[in-house]
Amino acid sequence: MTRIDLAIIGAGPAGMEAAATARETGLSVLLIDEQPEPGGQIWRAIECNVSERPDNLVFLGPDYAAGAARAERFRASGANYWPSAMVWHLDNPETGDKTALVAWDGVTRQVQARSVLLATGAMERPVPIPGWTLPGVMSIGAAQTMLKSSGLYPEAPLVLAGSGPLLLLFAVQCHAAGIPISAVLDTTPAGAMTRGLPHLPKALLGWRTLLKGRRLMQALASSGIPVYRHVRNLEALGADSVERVRCTSDGQTVEIEATTLLLHEGVVPNPQLTRLIGCEHRWNAAQRCFHPMLSDRGETSVPGVFVAGDGGGIGGAPAAENTGRIAALEIAEELGAVNRPSGDIEIVKARDNLRAQMAVRPLLDAMYPPPDWIGKLDGDVLVCRCEEVSARAVRGAVADGAPGPNQAKAFLRAGMGPCQGRMCGLTVTEILADAHGKEPDAIGYYRIRPPIKPVTVGELAALDGAD
Amino acid sequence: MFRRLPDPRARAVHFTFDGEALTANSGDSVAAALLGAGIEHSRTTPKSGTARAPYCMMGVCFECLIEIDGVANRQGCLVEVRDGMAVRRQQGAPGLPEDLADEGGQ
């Protein structure tokens, strides 16, 4: 068994910054992460690219390269670090420490922590279009991960479809790396600039992000990649794998050849651990996803359990770092490791930075609104990939009397497969909300139960500290 | 199909997929190694037997579930490929290991 002041889950911007900050206050820290090296998804394989593939830093860009210094700061912090480790249960007893069960190195280890910081970040919103289960259809983040981690890229013809900053960034990265893209199918609804304009004055506080966005838009425009606008009714077609993509663009039907189709409709908090430990969540209508309720200290409704970074609401990497810093300082103060006045000055500074970084969010939410069609889905399109449950079946469960996702799950097995609802949870909530004519908050979300990751028999049998 | 950018410092890793010898680069996840070697689908679904391939590459979608060295249901995108690994396509729902099925009976 491992006893620690602060257990942090996730080694992205929020987790690394929190670990380094907490160490400066003298807390003992354990950071647990699924990846083999620190950086999270945004700085995935940063150490490897710096040491082994420095040429790739050129097209991955300066914001990616900036992760190297963060990883270095974290490595030097003296925090304990378990890479390639999976938290499969997190328990919140009424009194005393929190317990995490972690599969690491073939054994399940028990971690007892006075406080827990969940820095598990975001996941891409699942995009349930017809044909999205065909081999060759992936998320844009998946392709970007393969490019960062392995220098792998999809062969032509490659089509990107969706909306938002990551689509822009990846298209520009591919172009800079000489990777051909056949077409970008931009699903952003018409009038993005008009929608964004009212939010511009406040967003100017985050001018760095705005400039980066403008630079990316210009780079895509001058790249020569064909861009189809106002795309709707997207479909992936093919027998054994994707062969063609069909959609409407400005009302006209477009059909394009593709052996890889990459989808992206923004990112949403990864809800698994905050749901498992019973944190309260609220629906965010602008971003069409649930957020865990957080105090301004970053604490959830479960005392002693904090969230930092995109897992608490999407803000991007710089904001994640500041929420990580704030949470670490608040936790240090609560555990008596830092005295109030010195901690408060640091927190005020971090909050000021955070305000500037969050200032662009309303503009981005307005320009790139989340898809409005997911809650309207019906017919054969698969909602639950694991158990192959269609949108029609989910609507059928409503007719059979299912008031919420947990009853729909019992009726249909949707959400009962290996991904435990990660890929269908939001869609099922949206469809049920639409069918019942209720708000998603009234519909709720799947109950998440342990183990939240597959545990092998060996990992279960070998539980350390069980004696 | 995937291709690789030039990587002069890469070290080759040799593994098998359903008995066939394949090569990857060190640092690849099993899921990336298979996509890089031209393996189009890495599992079939338990319900309809449809072919599936990795979707998210970050541990969320579970489409990359695969058998590695005799252990089923591993997340291929979260396991680093190693020399000598025996990887097998996961067909449908893998059964419980025999010893557990005998003991638990459920």
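Averaging 1/r over every pair of different alpha carbons in region A:126-265 and inverting the result gives a Kirkwood radius of 15.7 Å. If a paramagnetic tag sat 7 Å from the Cα of A:Gln252 along the Cα-Cβ line, which residues of region A:208-227 would have the backbone N under 13 Å from that point? Under 13 Å, as judged by backbone N against the label point of A:Gln252, lie A:227 of region A:208-227.
Residues A:Ile42, A:Ile32 ordered from highest to lowest accessible area at a 1.4 Å probe: A:Ile42, A:Ile32.
For the segment A:138-148, counting C-beta atoms of other chains within 10 Å of every residue's C-beta and taking the mean gives 5. Interface between chains B and A: roughly 4000 Å² of accessible area buried, both sides summed (probe 1.4 Å, protein heavy atoms only).
Charging the Cβ of each Asp and Glu at -1 and of each Lys and Arg at +1, and nothing else, the dipole of region A:59-196 about its Cα centre rounds to 240 debye. Based on DSSP H segments of at least four residues, each scored -39500 (n - 2.57), chain A has a per-residue ellipticity at 222 nm of -10500 deg cm²/dmol. Determine the share of chain A's accessible area contributed by carbon and sulfur atoms, expressed in whole percent, with a 1.4 angstrom probe. That fraction is 53 percent. Shown here for region A:236-312: trypsin sites (Lys or Arg not before Pro) in loop regions (DSSP other than H, G, I, E, B) with at most 16 other Cβ atoms within 10 Å, namely A:Arg297. When only Cα pairs below 8 angstrom with a gap of at least 6 residues are kept, chain B shows a relative contact order of 29 percent.
Label region B:48-89 by shape, choosing from rounded, prolate and oblate, from the square roots a ≥ b ≥ c of the eigenvalues of the Cα gyration tensor; if a/c is under 1.5 it is rounded, and otherwise prolate applies when a/b is larger than b/c, oblate when it is not. The shape class here is oblate. Across region B:80-94, computed HN-Hα scalar couplings (Karplus, 6.51 cos²θ - 1.76 cosθ + 1.60, θ = phi - 60°) run 6, 6, 10, 4, x, 5, 10, 10, 10, 4, 8, 9, x, 9, x Hz from first to last residue, x flagging Gly and Pro. For a test of the definition: using alpha carbon positions, the gyration tensor, and the 1.5 limit on a/c, classify region A:376-419 as rounded, prolate or oblate. Oblate. Here region B:12-90 is assigned +1 on the Cβ of each Lys and Arg and -1 on the Cβ of each Asp and Glu. Its dipole about the Cα centre then comes out at about 300 debye.
Split chain A at each of the GluC sites (Glu not before Pro) in a DSSP loop with at most 16 other beta carbon atoms within 10 Å, and the longest piece is A:281-467.
Between the listed residues A:Pro165, A:Gly224, A:Ser241, the Cα displaced farthest toward the positive end of the dipole of region A:126-265, a dipole computed from Cβ unit charges relative to the Cα centre, is found at A:Pro165. Under the simplified labelling scheme, the A:Arg413-B:Thr16 pair shows an inter-label distance of 3.2 nm, with each label point 7 Å from Cα along Cα→Cβ. The reciprocal of the average 1/r between distinct C-alpha atoms defines the Kirkwood hydrodynamic radius, which for region A:330-414 equals 17.4 Å. The label-point distance for B:Asp7 and A:Ala462, in a model that sets each label 7 Å from Cα toward Cβ, rounds to 2.8 nm.
Per-residue 3J(HN,Hα) values for region A:430-442, derived from phi via the Karplus relation 6.51 cos²θ - 1.76 cosθ + 1.60 with θ = phi - 60°, read 5, 5, 5, 4, 5, 5, 8, x, 10, 6, x, 4, 7 Hz in sequence order (x marks Gly and Pro). For A:Ser390, the residues 5 or more places off, or on other chains, whose built amide H falls under 5 Å of its own are A:Val383. Projected over every direction and averaged, the convex hull enclosing the alpha-carbon atoms of the protein assembly as shown yields 25.6 nm². Computed from label points 7 Å out along Cα-Cβ, the spacing between A:Leu237 and A:Asp55 is 3.9 nm.
Farthest toward the positive end of the dipole of the protein assembly as shown, out of A:Thr108, B:Pro94, A:Ala68, is the Cα of A:Ala68, where the dipole comes from beta carbon charges about the Cα centre.
When the Cα positions of A:Leu294, A:Trp283, A:Ala328 are compared along the charge dipole of region A:271-334, A:Trp283 comes out farthest toward the positive end, with charges on each C-beta of Lys, Arg, Asp and Glu. Shown for chain A: cysteine residues without a partner Cβ closer than 4.7 Å, namely A:Cys48, A:Cys174, A:Cys247, A:Cys279, A:Cys289, A:Cys386, A:Cys419.
Shape class of region A:339-379 from the alpha-carbon gyration tensor: oblate, with a/c at 1.5 or above and b/c at least as large as a/b.
Can you list the lysines whose alpha carbon is less than 30 Å from that of A:Lys409, not counting same-chain residues fewer than 8 positions off? Result set, ordered by chain and number: A:Lys98, A:Lys376, A:Lys438, A:Lys453, B:Lys47. Placing +1 on the Cβ of every Lys and Arg and -1 on the Cβ of every Asp and Glu, with nothing else charged, gives the protein assembly as shown a dipole about its Cα centre of roughly 1440 debye.
You can think of it this way: the chain between A:Glu280 and A:Lys349 has 22.0 nm of extra reach, that is 0.36 nm per residue less the Cα-Cα gap.
Contact order, relative form, for chain A: 18 percent (alpha carbon pairs under 8 Å, 6 or more residues apart, mean separation divided by residue count). Evaluating 6.51 cos²θ - 1.76 cosθ + 1.60 at θ = phi - 60° for every residue in region A:319-327, the Karplus couplings come out as 5, 4, 4, 5, 5, x, 5, 4, 4 Hz, glycine and proline recorded as x.
Of all aspartates and glutamates in the structure, those lying under 17 Å Cα to Cα from A:Lys202, and not within fewer than 8 positions of it along the same chain, are A:Asp352, A:Asp365.
The values are calculated or read from the model by the stated rules, or taken from the named source; none is laboratory data. If you're wondering where the values come from, they're calculated on a predicted model, not measured in any experiment. FYI the Cβ positions are ideal-geometry reconstructions off the backbone, even for glycines, and counts take in every protein chain you see. We work out accessible area using only protein heavy atoms, side chains counted, and drop any ligands, DNA or RNA first. Shrake-Rupley method; radii C 1.70, N 1.55, O 1.52, S 1.80 Å.
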